[in-house]
Amino acid sequence: MTTDVDAAEALRMARAVVGLYGDPDVTWGISLEATFEAPVDLTEVDARIAALVAEHPHLGVLPTLQRVAPQAWADERERSASAPFGDDGLLVRLLASEDATRFFVTAHHGVCDGLGLIAVMSAVVGRPLTSSARGVGDRTSSQSFLVSSVLRLGEALLAPPARFSGEGDPAAAGRPERLHQVDEPTGTVNGVRVCAALNSIHAAWPRRRTSGGRRFLVVMGASRRVPGETAPDRQTAYFRIALKPQWGLAEVKRALQEAEPEPTFPETSAGGIGPMVTRALKNRLGYTVNVSNLGIVSGEGLASMAMFPAVNGPQAVGVGLVSTSHGSTVSLRTRRTDFSDDEAQRLLRLVMERVSATQ
């Protein structure tokens with residue numbers, strides 16, 4: 001097990017990664033669910049997790065695998081995904097169903113990206129899981145971090161992103177976030193179709209006082225890993241892509257292909273100034289939707305997988321996409337205070353309808 005010093009340093013490092021742009025009111029948890037065709041042998045699971053943390057001490061305090069009864073699974077995974085990461089240094093949370101066919105991994109985004117979650121999941125289940133996701137290679141931004149920051153602040157003040165506004169439930173603070181997912185057995189869902197679907201849905205979505213600005217802004221994560229490489233760490237690039245309401249599939253595809261990654265930002269809170277600015281402008285920062293695509297994931301007995309990216313900003317919407325040999329899973333993560341359950345389910349249903357209509 002890591003020492004107290006190791007735990008404190010791991011927590012400091014995790015916060016530093018998101019420190020400059022990281023909204024201090026956001027938990028920054030990202031989650032991955034995996035379902036297997038048959039029960040997984042967990043005889044050596046404690047030893048595997050201990051070895052993982054010993055090799056990668058930035059993961060913080062050694063987590064334990066919590067077994068969850070079927071009737072409690074939905075509540076426990078939402079609690080795991082949205083609970084804050086405190087000063088105890090616990091930066092990874094692990095759940096398993098009683099029958100050992102379903103697993104849920106949550107980590108602070110400062111220690112792990114989506115592909116890193118796959119590596120953690122591999123250690124838990126004791127079998128290799130690999131993704132086909134392609135990285136950005138050596139592609140870099142044409143702008144410096146300073147120029148990009150000034151432009152981002154200008155956009156926040158003058159042209160904040162549009163929002164999928166909803167009614168929400170102000171009394172839902174005890175269960176802050178909601179997770180939904182839908183399986184698509186044909187496996188023909190991809191990031192372009194999902195982004196195009198979201199863009200067209202937003203054009204017809206009810207506009208309310210909290211709908212934000214006019215720019216439909218997609219944030220998409222990407223990897224700087226060598227193809228096929230997995231490790232429980234964070235090697236992330238990301239894109240910020242503005243879409244126009246009238247764009248169809250071809251225009252959205254071209255915008256995603258031509259986008260360049262954002263400049264890598266320093267791992268610092270700038271003496272606390274970064275979070276202060278973020279908190280002051282948080283109602284005008286963020287994005288319309290955060291889309292995370294882990295590609296095609298393969299592994300022995302893997303039936304399905306769902307990714308739940310972090311939600312950051314007002315009326316935040318996180319959409320995850322993972323495919324396996326059995327099809328694709330599209331997931332939706334929202335805050336209960338932003339959207340009612342009916343609104344969240346309607347949004348996900350419309351996404352799947354639009355995706356199917358473009359196939």
Subject >> Inter-site label distance for ALA69 and ALA50 at 7 Å from Cα along Cβ, in nm >> reply: 3.0
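Between GLU251 and ASP41, take the C-beta separation as r, use R0 = 51 Å, and let me know the FRET efficiency to the nearest 0.05.
Working: r = 49 Å, r/R0 = 0.96.
Efficiency at R0 = 51 Å is approximately 0.55.
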Original post:
Which length gain, in nm to one decimal place, applies between ALA259 and THR101 when the Cα-Cα distance is subtracted from 0.36 nm times their residue separation?
Top reply: 53.0 nm
Original post:
Round to a whole number: what % of the accessible area of the chain belongs to carbon and sulfur, probe 1.4 Å?
Top reply: 54
**OP:** Take the Cβ-Cβ distance between SER132 and ALA171 as r, set R0 to 41 Å, and report the resulting FRET efficiency rounded to the nearest 0.05.
**Re:** 0.45
Original post:
For the chain, what relative contact order do you get, as a whole percent, if you take Cα pairs closer than 8 Å and at least 6 residues apart?
Top reply: 25
Original post:
If you bin every alpha carbon distance in the chain into 10 Å steps from zero, what whole percent lands in each bin?
Top reply: 5, 25, 36, 25, 7, 0
Original post:
Under a point spin-label approximation (7 Å from Cα along Cα-to-Cβ), what is the ALA204-SER141 distance to one decimal in nm?
Top reply: 3.5
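Roll a 1.4 Å probe over the protein chains and send me the accessible area per residue for the chain in Å².
Values: 15820 Å² over 359 residues.
Heavy-atom SASA per residue in the chain reads 44 Å².
The values are calculated or read from the model by the stated rules, or taken from the named source; none is laboratory data. A quick note: this is a predicted structure, and the numbers were derived from the prediction, not measured. Neighbour counts run over all protein chains shown; Cβ positions are idealised from the backbone, glycine included. For the accessible areas, the whole protein counts, side chains as well, though only heavy atoms, and no ligand, DNA or RNA atoms are used. Shrake-Rupley method; radii C 1.70, N 1.55, O 1.52, S 1.80 Å.
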